[in-house]
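Worksheet: one structure, shown below.
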Amino acid sequence: TAIAGKTVVLLTSTINSPSTLAIIKEFLAKYPGSRHVQYDAVSYSGMIQANEACYGKRAIPSYHFDNAKVIVSLGADFLGTWLSPTEFSNQYGKNRKVTGEKPELSKHFHFESMMSMTGSNADDRFTHKPSETGAVAAAILGALNGTAASFADKKLNDGIKLAADNLKAAGGNALVVCGSNDVNIQVIVNAINEAIGANGKTINWAMTSNYKNGVDADMVQLVADMNSGAVGAVLIHDVNPAYSYSDAKKFKDGLSKVVGVSFNGTMDETTELCKYILPSHHWLESWGDAEPKTGYFSLLQPTINPLFKTRAFQTSLIKWSAAAGSMATDYESYFKTYWSAKLGSSDLYNKALQDG
């Protein structure tokens, strides 16, 4: 009754589990006006919004460093921390070894403000102030069209010209990536990749990378709505904004005005402030699935029984949204039904489980 007529919001980290997204969709349909907000403590929102503005796709594409003869990075530490370093390190390594049949190496130019793992591996590394990231991106785009860069640092100007000349010469087999979370800078980077013909060669839009889906504006809106009294309840899973959000105080103030429900498995800063705590299983006790990239699926199954009185957060959503007499009453049975239908039979489901 406390939340009668008010919005219910599900606040989670990025979810790329197809079955969980299906359950969330059913849950939101049960409570009109409710919504799902995804929040990433390390945000890639700038890229997502720039891609939406440029291509109408609110997503991040797949990058193929292995197809690039020239790589230019603007502060993206893609071998260390940026987006998917394990995947990118593997791709990057393929063109950085001299072999008998393939004697040429890829070239890597790096522009950054502080030393990173990726910067230390670059062929040429140029430094600039953190405030100049956008200007450097704009200068590279300008240099592709023949405009000389005009920074006070001559070495930086020469580096921009060198990078631009190499990008032009690569004939589409080049890639520019940027670690900034600023939409405007990412729009310029998209323009550079368009100008050098990277789309379709080193950037693949047919297969999106679903690792980070959070958009900062959604979180700002949620915090404002919590404080204004428009939200009745917030169900929190796998995030700790009271600790990690940029305006944590405003989030905590908002949380005190709503019914907070936490599914987090640990008593973290956000969970402490919630009215109800329903801890979810640890991942070693959980069923689950993932689609980290379009068309790539993997299935997870528990290795041990739950040690404590925990419950999969999907089970709670199923119980709170299921009609009477509904088939599935818990996530495990829902999961099996979901994948058996997708794969065609329970035998194929068991085979998929066996193969991971």
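The condition of being open to solvent by 10 Å² or more (accessible area, probe 1.4 Å) and closer than 21 Å to Ile24 by Cα holds for only one of Asp216, Asp253, that being Asp216. Selection within segment 13-65: residues that are open to solvent by 20 Å² or more (accessible area, probe 1.4 Å) and of a type in the set (Asp, Glu). The member of this set that is nearest to the chain's Cα centre (by Cα) is Glu52.
Among the residues of segment 128-148, those that are at negative phi, of a type outside the set (A, V, I, L, M) and either in a loop (DSSP other than H, G, I, E, B) or open to solvent by less than 70 Å² (accessible area, probe 1.4 Å) (or both) comprise His128, Lys129, Glu132, Thr133, Gly134, Gly142, Asn145, Thr147. Taking segment 190-273 and the helices (runs of 4 or more DSSP H) fully enclosed by it, no element has 1 or more residues that are aromatic (Phe, Trp, Tyr), closer than 22 Å to Ile15 by Cβ and without any contact (Cβ under 8 Å) to a residue 12 or more places away in the chain.
Whether a residue is aliphatic (A, V, I, L, M), touching a Leu at 6+ places or on another chain (Cβ under 9 Å), open to solvent by 50 Å² or more (accessible area, probe 1.4 Å) and under 27 Å from Phe251 (Cα atoms) was assessed, and Leu273 passes this test. The residues of segment 301-349 that are part of a helix (DSSP H, G or I), of a type in the set (S, T, N, Q) and open to solvent by 80 Å² or more (accessible area, probe 1.4 Å) amount to a single one, Thr337. When residues in segment 165-182 are screened for being of a type outside the set (Gly, Ala, Ser) and more than 20 Å from Ala149 (Cβ to Cβ), 3 of them pass. Under the condition of being modelled with pLDDT under 95 and outside any loop (DSSP other than H, G, I, E, B), the residues counted in segment 29-53 number 2.
In the condition set (1) touching a helix residue (DSSP H, G or I) at 6+ places or on another chain (Cβ under 7 Å); (2) not in a loop (DSSP other than H, G, I, E, B), Phe151 is compliant with all but (2).
For segment 276-286, the set of residues classified as assigned to a loop (DSSP other than H, G, I, E, B) and either basic (Lys, Arg) or open to solvent by 30 Å² or more (accessible area, probe 1.4 Å) (or both) consists of Leu278, Pro279, His281, His282, listed by residue number.
Cβ separations smaller than 7 Å between residues 6+ apart or across chains give the following pairs from segment 105-127 residues that are open to solvent by 20 Å² or more (accessible area, probe 1.4 Å) to residues that are part of a helix (DSSP H, G or I) and not small (Gly, Ala, Ser): Lys107/Asn166; Ser113/Pro130; Asp124/Leu162. The set of residues from segment 75-109 being of a type in the set (Ser, Thr, Tyr) and either part of a loop (DSSP other than H, G, I, E, B) or modelled with pLDDT under 95 (or both) comprises Thr81, Ser84, Thr99, Ser106.
The values are calculated or read from the model by the stated rules, or taken from the named source; none is laboratory data. None of the values given here were measured: they were computed from a predicted structure. With ideal geometry, Cβ positions are generated from the backbone for all residues, glycine too; neighbour counts draw on all protein chains shown. Heads up: the accessible areas ignore ligands, DNA and RNA and are worked out on the full protein's heavy atoms, side chains in. Shrake-Rupley method; radii C 1.70, N 1.55, O 1.52, S 1.80 Å.
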